[in-house]
1. Can you give the net charge of the other residues whose Cβ lies under 13 Å from the Cβ of Thr122, counting K and R as +1 and D and E as -1?
2. In Å and on Cα atoms, what radius of gyration and Dmax does the chain show?
3. Semi-axes of the equivalent ellipsoid for the stretch 1-49, please: Cα gyration tensor eigenvalues, times 5, square-rooted, ordered largest first, whole Å.
4. Number of Lys pairs in the chain with C-alpha atoms less than 17 angstrom apart, excluding same-chain neighbours closer than eight positions?
Amino acid sequence: MRTHRDRIRHAVGFEVIALILSIPIMSFFFGFELKDISVIAIAGSIIATLWNYGFNIVFDKGMLRFRHSTFKTPWIRVLHVVLFEGGLLVLYLPMVAWYLNISLWHAFVMDASLVGFYLFYTFSYNWAYDKLFPITHFGHTTDKTVPAQT
């Protein structure tokens, strides 16, 4: 399993890169002021960071319990992304609707349109992170394509 420090590095890196990419994209495509999108994006980032930290601990513990490993196959990565993003949607949606003064349905449509970006981004970020910072157990990595670090 990852250390506390590693999980913080993972979550902060994920959110910083996501903000840099998502704020201008959201403002452009949804027609809201950059200031308003920045507020909901930063609030969403805080929510997502806390969700990311807690969700990944639970997910990894579940993998250890049921698979006896934290190695993620491509299909497990897909499951990870879908569960992560689904939970985040439930947490984030009411805040977006309230702040932008739009209906929950409009907020859902707006957020759902971003899911494609975030599904791809989450999958790519986590895969790249695991390649850059593989988990080692007794001299062996959980990623079979990365040599063990000694």
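1. That works out to -1.
2. 16.8, 54
3. On the way: eigenvalues 138, 17, 8 Å².
Each semi-axis is √(5λ); the values are 26, 9, 6 Å.
4. Working: Lys61/Lys72; Lys72/Lys131; Lys72/Lys144; Lys131/Lys144.
Total qualifying Lys-Lys pairs in the chain comes to 4.
Quick note: the coordinates plus some simple rules give every number you see, no bench work behind them. Predicted model only: the values in this text are computed from it and were never measured. In this analysis, Cβ positions are derived from the backbone assuming ideal geometry, glycine residues included, and neighbour counts consider all displayed protein chains.
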